[in-house]
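Visitor: Structure incoming, see below.
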Amino acid sequence: QVQLVESGGGLVQPGGSLRLSCVASGNIFHINAMGWYRQAPGKQRELVAVSLTSGGSTDYSDSVKGRFTLSRDNAKNTVYLPMNSLKPEYTAVYYCIAGVVPRDIWRLRSYWGQGTQVTVSS
């Protein structure tokens with residue numbers, strides 16, 4: 001069993017900052033990638049940023065490129081998303097995603113966190 005637990009969401013004024021965190025735990029053999037998606041009201045879930053463990057490359061959506069910088073602590077199976085200069089259009093539920101090889105399954109699977117609400121409003 002693999003669990004992803006997010007934290008750090010909340011209500012912030014436009015121009016403010018938040019830092020999302022996600023910790024993966026459980027019967028983990030290897031984490032291939034970790035990152036974030038978001039889903040705004042009435043819209044489909046979309047990529048924010050995802051980082052590959054091997055090579056350390058990170059893909060960002062055009063809407064956050066240059067604004068957000070994803071980071072990881074591989075020793076702690078943790079991914080962070082510091083978000084600065086937030087805009088109301090960033091209001092969404094932010095979901096952590098991880099590509100994991102669990103020890104009992106021994107093949108790559110995607111796991112999702114429960115989501116954390118980010119609301120940008122004055």
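Visitor: Need the C-alpha centroid separation for the range 1-31 versus the range 39-113, integer Å.
Guide: Taking the Cα centre of the range 39-113 as reference, the centre of the range 1-31 is 9 Å away.
Visitor: Another question, if that's okay. Considering only protein heavy atoms, what per residue accessible area in square angstrom results for the range 23-122 with a 1.4 angstrom probe?
Guide: 53
Visitor: In the neighborhood of G9, defined by Cβ-to-Cβ distances under 13 Å, what is the net charge if each Lys or Arg adds +1 and each Asp or Glu adds -1?
Guide: +1
Visitor: With the full set of protein chains in place, find how many percent of the accessible area of the range 1-81 is carbon and sulfur; take the probe as 1.4 Å.
Guide: Details: 2070 of 4400 Å².
Its accessible area is 47 percent carbon and sulfur atoms.
Visitor: Using the crude model of +1 on Lys and Arg Cβ and -1 on Asp and Glu Cβ, and no other charge, please compute the dipole size for the chain relative to its Cα centre, in debye to 20.
Guide: Dipole about the Cα centre, nearest 20: 60 debye.
The values are calculated or read from the model by the stated rules, or taken from the named source; none is laboratory data. Please read these numbers as outputs of a predicted model, since none were measured by experiment. With ideal geometry, Cβ positions are generated from the backbone for all residues, glycine too; neighbour counts draw on all protein chains shown. Heads up: the accessible areas ignore ligands, DNA and RNA and are worked out on the full protein's heavy atoms, side chains in. Shrake-Rupley method; radii C 1.70, N 1.55, O 1.52, S 1.80 Å.
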